[in-house]
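The values are calculated or read from the model by the stated rules, or taken from the named source; none is laboratory data. What you see is a predicted model; the values in this text were computed from it and never measured. Here Cβ is always computed from backbone atoms with ideal geometry, including for glycine, and neighbour counts include all displayed protein chains. Areas reflect the complete protein model, heavy atoms only, side chains present, ligands, DNA and RNA absent. Shrake-Rupley method; radii C 1.70, N 1.55, O 1.52, S 1.80 Å.
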Amino acid sequence: MSTIETVLNETRVFPPSTEFAKHANLPNIAAYKTLCAQAEDDYLGFWGKQADENILWHKPFTHVLDEGTPPFFKWFDDGELNVSYNCLDKHLSTQPDKTAIIFEADDGSVTRSSYRDLHQRVCQFANGLKSLNIKKGDCVVIYMPMRIEAVVAMQACARIGAIHSVVFGGFSAKSLHERIHDAGAVAVITADEQVRGGKNNPLKITVDNAIKMGGTESVRSIIVYQRSGNDVPFNPTRDIWWHELVNGKASDCEPEWVDAEHPLFTLYTSGSTGKPKGVQHSSAGYLLGTIVSMKWVFDYQSDDVFWCTADVGWITGHSYVTYGPLAMGATQVIFEGIPTYPDAGRFWKIIQNHKVTTFYTAPTAIRSLIKLGHDLPSKYDLSSLRLLGSVGEPINPEAWMWYYQKVGQSRCPIVDTWWQTETGSHMIAPAPGAVPLKPGSCTFPLPGIFAAIVDEAGQDVENGKGGFLVIKRPFPSLARTLWGDSERFKKTYFPEDVGQGKYYLAGDSANCDADGYFWIMGRIDDVLNVSGHRLGTMEIESALVANPLVAEAAVVGKPHEVNGESIVAFVVLKDELPVGDAATTMVDELRRWVAKEIGPIAKPEEIRFGENLPKTRSGKIMRRLLRTLANNEEITQDISTLENPAILEQLKLPTR
Ligand code: PRX
């Protein structure tokens, strides 16, 4: 295999401060290495001990891992537990009055829910679900605004052993329909409307439209939370208001004890081809992954105010809103709105007002906030912060530095966490009291995670060379299968050609530097081949974004007669869209810039400017659309999950 070339050359290193390390759960590199060594020496003993110490078992497990028929591994198989019990009841005797959730609504009003209150709400709602004859193993689709109720709905499903499938509230009726249908859901939990950025968006109408598309006969009930109070269509034989469902229900509900391997949820995620994949997670293994990462990566302390900005519609909102923080007994912020309403200081204001200590967000949010208010963070008191986190895509070193200096005031470590919907919890991320940081690197695998970089035959590549990111041994929080399609699970994630079906293939390319730090280069299908050199798109994007005039950039490949592929860059400038001569000058300037930053090989052949990039509602750039545009082809793909379809017109024509 011609290995993927790495061209990023980041040399800055930020060791943990003595102050941070002093109180950290893993206070030095030796502590981290000891855990890694324990996992290396006795893999099953290591994970068995973690499961023993971190989970309350109704019936203890007696064996740790059942390899069964790989890759369908079973962990802690004969143990019994309830995930909701582990997130709520567990804290009732020790800290019932501690605030579990500080909820800030779109309009700024704040509601607090203690562990006692949250437990009660979950129990009442769980009893409501039972009264609708929803049972263990039934699938329930949740299509909710980002509110306490979304967490209540998920926890209530977990409590009765129903399998939830949360669909992000921004998805269209078509996407929702596909997911309801594929899951064979018996109920949908939704709201009349959601309110974000001062605007009301329909949810119930979208659910109705999805149901009307047919093939959804499995749905018996639609539970509607009244958020806005505006009129929505209501079918009394099928629909029921949330408040009527919980009215008079007992505030206690005996949890349904389930096997460790009982599916906790499915969550749909897009693959590079075909219909979305229903990624199916287990109960115990998944929960364990969220707990150990809360300790090791988020360095959880009992007085933390934790804020993960992700919506519960994504895996990040599952693991680091609904499950991880509650399992730890943390106080966390949940925010209904958007970062730019009423102005671009909203995030900073929330951190100030609620004295957030741990802030976890995505590079795309960071970059847009840089664009909208480079110096805004300094107007707020962010002194409560002690740790920052990043997730979802590689964070380019420039954004990292801004986040570090402007938000963290050069005081807070940044945990760049690499993981996926399929892995359930962090895989490669720094233990912030132990690991010196390098901007743009997610650093080292967590203890018990055997990540490596291999070539297409599954052989390790030497440091400095790029390759496929794999995880060589099974781990508890890995997805168990794809809903209704175990064959696709096996083929996609445990392919025969890379590691003979034994390695989990993440679908990302990465490299390790001379110090063993992992650098994610992008998805495998985003790797370009220019003149026989394979380049990660992210590295070119990072170079572009490093230019002081550039806010955001995405790079795709386009077939090129001589070079194999040429590079097309789509660029958003910090200032307004350039036209005419200004555009031509800017193109020249940026091409020169990239040539200087990386080398002439990485110079984009073409640069197009836009006011934005086509993104999914979770903020991921839709590269396949950019590829179509770069090739000047007609768009025939489904663009229903696109946040800003109008941008496609603007990016259609090469900038002249
Ligand atoms: O390409 C990697 C990128 O996001 C992919 C997983 O996406 P998803 O399943 O939607 O989960 C996102 C939240 C965990 C990965 O295959 N990715 C995620 N985190 C990082 C990242 N790329 C680089 N650095 C990260 N920290």
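Some notes on this structure:
- Only residues that are surrounded by fewer than 19 Cβ atoms within 10 Å (Cβ to Cβ) and under 26 Å from the mean Cα position of the chain (by Cα) were counted across region 601-615, and they come to 2.
- Pairs are defined by a Cβ separation below 6 Å, a sequence spacing of at least 6 or placement on different chains, a first member in region 353-370 that is part of a helix (DSSP H, G or I), and a second member that is open to solvent by 20 Å² or more (accessible area, probe 1.4 Å) and at pLDDT below 90; the pairs so defined are Pro363/Glu393.
- Residue check, Tyr341 away from the ligand (no atom under 13 Å from the Cβ) and either in a strand (DSSP E or B) or among the hydroxyl-bearing types (Ser, Thr, Tyr) (or both): yes
- Filter result for Val356 (within 13 Å of the ligand (Cβ to nearest atom) and of a type outside the set (S, T, N, Q)): no
- Checked against (1) at pLDDT 95 or above; (2) open to solvent by less than 20 Å² (accessible area, probe 1.4 Å); (3) within 15 Å of the ligand (Cβ to nearest atom), Pro447 passes all but condition (3).
- Sole residue being at pLDDT below 95 and among the hydrophobic types (A, V, I, L, M, F, W, C), chosen from Ala187, Ala173: Ala173
- Complete set of residues in region 409-423 that are in a loop (DSSP other than H, G, I, E, B), within 9 Å of the ligand (Cβ to nearest atom) and either open to solvent by less than 10 Å² (accessible area, probe 1.4 Å) or among the polar types (S, T, N, Q) (or both): Gln420, Thr421, Thr423
- For the condition of a type in the set (A, V, I, L, M) and under 23 Å from Gly137 (Cα atoms), Leu35 does not qualify.
- Criterion violated by Leu505 - all others in (1) out of contact with any Pro (no Cβ under 9 Å at 6 or more places or on another chain); (2) open to solvent by 20 Å² or more (accessible area, probe 1.4 Å); (3) among the hydrophobic types (A, V, I, L, M, F, W, C) satisfied: (1)
- The combined condition, being touching a His at 6+ places or on another chain (Cβ under 7 Å), at pLDDT 95 or above and either open to solvent by 20 Å² or more (accessible area, probe 1.4 Å) or more than 14 Å from the ligand (Cβ to nearest atom) (or both), is not fulfilled by Trp348.
- Conditions (1) modelled with pLDDT of 95 or more; (2) open to solvent by less than 20 Å² (accessible area, probe 1.4 Å); (3) not hydrophobic (A, V, I, L, M, F, W, C): number failed by Lys406: (2)
- Which numbered condition Asp460 misses (of (1) more than 30 Å from Pro548 (Cα to Cα); (2) buried (at least 22 other Cβ atoms within 10 Å of the Cβ)): (2)
- Conditions (1) open to solvent by less than 70 Å² (accessible area, probe 1.4 Å); (2) within 16 Å of the ligand (Cβ to nearest atom); (3) at pLDDT below 85: number failed by Met622: (3)
- Here the condition is being open to solvent by less than 10 Å² (accessible area, probe 1.4 Å), more than 27 Å from Ala51 (Cβ to Cβ) and not acidic (Asp, Glu); of Leu376, Leu369, it holds for Leu369 alone.
- For the condition in contact (Cβ under 8 Å) with a residue 40 or more places away in the chain, in a strand (DSSP E or B), within 16 Å of the ligand (Cβ to nearest atom) and more than 24 Å from Val498 (Cα to Cα), Gly467 does not qualify.
- Test: residue in region 115-122 that is open to solvent by less than 10 Å² (accessible area, probe 1.4 Å) and either within 23 Å of Arg238 (Cα to Cα) or touching a His at 6+ places or on another chain (Cβ under 7 Å) (or both): yes
- Filter pass, Thr492 being among the polar types (S, T, N, Q) and either open to solvent by 10 Å² or more (accessible area, probe 1.4 Å) or modelled with pLDDT of 95 or more (or both): yes
- Positions within region 131-150 being within 22 Å of Ser113 (Cβ to Cβ) and assigned to a helix (DSSP H, G or I), in sequence order: Ile148, Glu149, Ala150
- Among residues of region 561-600, those that are buried (at least 18 other Cβ atoms within 10 Å of the Cβ) and β-branched (Val, Ile, Thr), counted: 7
- Output for region 371-400, where each listed residue is more than 16 Å from the ligand (Cβ to nearest atom) and not in a loop (DSSP other than H, G, I, E, B): Lys371, Leu372, Leu376, Pro377, Ser378, Lys379
- Selection of region 193-218 for residues being under 26 Å from Asp343 (Cα atoms) and outside any strand (DSSP E or B) yields Gly197, Gly198, Leu203.
- Gly108 vs. criteria under 13 Å from Ala162 (Cα atoms) and small (Gly, Ala, Ser): no
- Search result, residues across region 424-444 that are surrounded by fewer than 23 Cβ atoms within 10 Å (Cβ to Cβ) and aromatic (Phe, Trp, Tyr): none
- For region 240-255, a residue qualifies if it is in contact (Cβ under 8 Å) with a residue 24 or more places away in the chain and charged (D, E, K, R), and the qualifying residues are Lys249, Asp252.
- Residues (β-branched (Val, Ile, Thr) and not in a helix (DSSP H, G or I)) located in region 154-185: Ile163, Val166, Val167
- Scanning region 233-261 for residues that are of a type in the set (S, T, N, Q) and closer than 27 Å to His281 by Cα returns no hits.
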